[in-house]
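Before any comments, here is the structure.
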Amino acid sequence: MAKKMVVANVSRRLLGSEPTFIRAGIVIAVVTTSVAVCGGLLMTWADHEAFPNVYRGLWWAIQTVTTVGYGDVVPTTVAGRAIGAVVMLAGIGFLSVLTASIVAAFTETARRQFEEHDPTDTKLDEISARLAALETALKSQPR
């Protein structure tokens, strides 16, 4: 329970209010885009031989963050590979959260539809009312 409260407090501070799918998606998209752009720019510094200009670095970063990875340009230095690892993790994280958000939205929609069309709650309320009436009737009878 305490862990949920910590996550809620952190998300409120990051998002400015209660977390929603849209706000979380925006934050994650901004962070992922920032990591990709910074990674592409840093790659021209870290591995200038394979990435002689910013355009090639950004092209590589887009391929990497989207997990496409054509392989036409690859980092060859240790620093370049470290930057690559960060960009890959950001891309994988973004796709994972995006997929989870879509599944959660579908699940929530299905749950709402099930609740709206589920006659079980109505039947349980009827049974509870009848049971309460029976209990009252039994208590009022003399022994």
When the residues of segment 64-73 are filtered to those that are under 14 Å from residue 35 (Cβ atoms) and not hydrophobic (A, V, I, L, M, F, W, C), which remaining residue is farthest from the chain's Cα centre (by Cα)? 64
Within segment 92-127, which residues are basic (Lys, Arg) and either exposed (fewer than 10 other Cβ atoms within 10 Å of the Cβ) or modelled with pLDDT of 85 or more (or both)? 123
Kindly provide the set of residues from segment 53-77 that are at pLDDT 90 or above, among the hydroxyl-bearing types (Ser, Thr, Tyr) and closer than 22 Å to residue 98 by Cα, ordered by number. 64
On the given criteria, is residue 56 touching a Pro at 6+ places or on another chain (Cβ under 8 Å) and outside any loop (DSSP other than H, G, I, E, B)? no
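For (1) hydroxyl-bearing (Ser, Thr, Tyr); (2) closer than 30 Å to residue 28 by Cα; (3) under 20 Å from the mean Cα position of the chain (by Cα), each residue gets a yes or a no:
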| site | (1), (2), (3) |
| --- | --- |
| 52 | no, yes, no |
| 75 | no, yes, no |
| 79 | no, yes, no |
| 94 | no, yes, yes |
| 102 | no, yes, yes |
| 112 | no, yes, no |
| 120 | yes, no, no |
| 130 | no, no, no |
| 136 | yes, no, no |
Every listed condition ((1) surrounded by 13 or more Cβ atoms within 10 Å (Cβ to Cβ); (2) part of a helix (DSSP H, G or I); (3) touching a residue at least 24 places away in the same chain (Cβ under 8 Å); (4) in contact with a Phe, Trp or Tyr (Cβ under 8 Å, 6 or more places away or on another chain)) holds for residue 51 save (2)
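The values are calculated or read from the model by the stated rules, or taken from the named source; none is laboratory data. As the structure is a computational prediction, the values presented were derived from the model and not from experiment. A quick note on method: Cβ atoms are made from the backbone with ideal geometry, for glycine too, and the neighbour counts reach across all protein chains shown.
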